[in-house]
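Encoded as structure tokens, the structure appears first; notes follow it.
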Amino acid sequence: MNPAARLAHLRPSPIRALSEGAPADAVPMGLGEPGWDLPAPAVEALAGFSGPCAYGPNAGLPELQEAVGAFHGAPAAEVLLTAGSQGALFALAQAYAGPGDGVLVPDPGFLAYPALARVAGAEPVPYALGPGFELDPDRFRAALDAAPRARMALVNHPGNPTGAGCSRAALAEVAEACARRGVLLISDEVYRDLRLGEPAPSLREVTGDGIVLGSVSKAWGAPGLRVGWALGAAPLLAPARLVHAYMVTAPARTSQLAALALVRESETVLAQAREHLRVRWEAFAGAFAQHFGHRPAPGAGGFYHWLALPPGADPMPFCLRLRDEGRVVVVPGQAFGDRGRDFVRLSYAGHPALIREGVARLAPFWSQP
Ligand SMILES: Cc1ncc(COP(=O)(O)O)c(C=O)c1O
């Protein structure tokens, strides 16, 4: 029995494939999730749960909608709670993109974007980023102009896999270009609150249109809760809410209660997360300076370093050598799009001692590729 034709281009994530085949003592610098413990408010909320574990409303628990709305300065009605922000991405793609439609996705960019566009039967339209992988309005517009059937566009800053940000002016220009064409703009801001410096601009600061995605998976340190959200005008969210309701009914109640405890304690939880990030960045940047000979520049947020491959390296065989001979798992940049071909993504979200060890193990492959 063959699967549906729209799955023809769908492949398992190379990130998982590389991690799963790794030697037992390999340093994991591949997966994109915080390596620190679940913050205390969530641990206490999970331990304290009692009573019926009911489904709850499709859009999520009203008190969590309220708390997420308050965090973003939005009314609760403009918050759709989902099974991770990936649940929101899936539901939005199903709600707004269909066969023949184009979905603009950053290249390089989060690999779920093109996959979810395809699952909706739509066509991903990769757009190029600027020289430092920041959002570049001219390159975005060029891709939009060449895609007459575009219905939806995704921007992501701070970006996965590059850590790059974008300027408020660039975001405003992109929002205007989408508004002019009637294209739904989705700004994935899941890494925005996990940063060493100033916050990246939010789409909400430049337009009342469009949708912003957030999640407890990164800055609130709780990827396994699977709670995220889409923020936007209620009529815009309504079709996605319908899809999401048929997908999962509602996000898991216990997870939402734990997420509620985290979001209510955002001030403490996010300050601690930034300290976890700072310690890991120092471990990474210090080891990098020692073994690669120069200190890297930090990104706009998140926990990824985007490293150029040694000249002439064949990406996949090189990453397999790093894994099997060097015993470090990294992700080849081409997993994130053709324009990522000459890079690897390193994640420094794990334990600082392991990060230092990972960088030390990687360095010889750059000095003698
Ligand atoms: C850019 C980006 N968006 C969305 C997600 C999905 O996160 P979640 O579904 O855990 O909220 C990820 C996960 O790695 C990501 O990197």
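The values are calculated or read from the model by the stated rules, or taken from the named source; none is laboratory data. None of these values were measured; they are calculated from a predicted model. Quick reminder, even Gly has a Cβ in these numbers, built from the backbone with ideal geometry, and neighbours come from all protein chains shown. Accessible surface areas use protein heavy atoms only, side chains included; no ligands, DNA or RNA. Shrake-Rupley method; radii C 1.70, N 1.55, O 1.52, S 1.80 Å.
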Within the set of pairs 6+ apart or on separate chains, which have a first residue in region 62-84 that is open to solvent by 30 Å² or more (accessible area, probe 1.4 Å) and away from the ligand (no atom under 14 Å from the Cβ), a second that is in a strand (DSSP E or B) and basic (Lys, Arg), and C-beta atoms under 8 Å apart? none
Selection from region 10-33 of residues that are within 15 Å of the ligand (Cβ to nearest atom), in a loop (DSSP other than H, G, I, E, B) and in contact with a helix residue (DSSP H, G or I) (Cβ under 7 Å, 6 or more places away or on another chain): 29, 30, 31, 33
So if I check each of 41, 3, which one is over 20 Å from residue 349 (Cα atoms), surrounded by fewer than 13 Cβ atoms within 10 Å (Cβ to Cβ) and either more than 14 Å from the ligand (Cβ to nearest atom) or not small (Gly, Ala, Ser) (or both)? 3
Checking the condition closer than 17 Å to residue 73 by Cα and at pLDDT 95 or above, which residue from 215, 255 passes? 215
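So that you can scan it fast, the table gives a plain yes or no per residue for (1) under 29 Å from residue 36 (Cα atoms); (2) free of Cβ contacts under 8 Å to residues at least 12 places away in the same chain; (3) touching a helix residue (DSSP H, G or I) at 6+ places or on another chain (Cβ under 7 Å):
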residue: 314; (1), (2), (3): no, yes, no
residue: 319; (1), (2), (3): yes, no, yes
residue: 323; (1), (2), (3): yes, no, yes
residue: 336; (1), (2), (3): yes, no, no
residue: 341; (1), (2), (3): no, no, yes
residue: 358; (1), (2), (3): yes, no, no
residue: 362; (1), (2), (3): yes, no, yes
Note down all Cβ pairs under 7 Å where the first residue falls in region 2-25 and is over 23 Å from residue 330 (Cα atoms), the second is surrounded by 13 or more Cβ atoms within 10 Å (Cβ to Cβ) and of a type in the set (Gly, Ala, Ser), and they're at least six residues apart or on different chains. 6/121
Here are some conditions: (1) within 13 Å of the ligand (Cβ to nearest atom); (2) free of Cβ contacts under 8 Å to residues at least 40 places away in the same chain; (3) not acidic (Asp, Glu). Residue 244 meets all but one. Which one does it not meet? (2)
Restricted to region 216-233 and to residues being in contact with a Gly (Cβ under 8 Å, 6 or more places away or on another chain) and under 12 Å from residue 302 (Cβ atoms), the residue nearest to the ligand (Cβ to nearest atom) is 217
Filtering region 90-105 down to residues that are open to solvent by 10 Å² or more (accessible area, probe 1.4 Å) and within 16 Å of the ligand (Cβ to nearest atom) yields 90, 94
Note: among 226, 274, just one is within 21 Å of residue 195 (Cβ to Cβ) and either in contact with a Phe, Trp or Tyr (Cβ under 7 Å, 6 or more places away or on another chain) or not hydrophobic (A, V, I, L, M, F, W, C) (or both), namely 274
Among the residues that make up region 177-192, is at least one of them without any contact (Cβ under 8 Å) to a residue 24 or more places away in the chain and away from the ligand (no atom under 16 Å from the Cβ)? yes
Please tell me if residue 176 is modelled with pLDDT of 95 or more and either assigned to a helix (DSSP H, G or I) or surrounded by fewer than 16 Cβ atoms within 10 Å (Cβ to Cβ) (or both). yes
Under the condition of being assigned to a loop (DSSP other than H, G, I, E, B) and of a type in the set (D, E, K, R), which residue from region 339-369 is least open to solvent (accessible area, probe 1.4 Å)? 342
Return yes or no: is residue 125 among the β-branched types (Val, Ile, Thr) and over 18 Å from the mean Cα position of the chain (by Cα)? yes
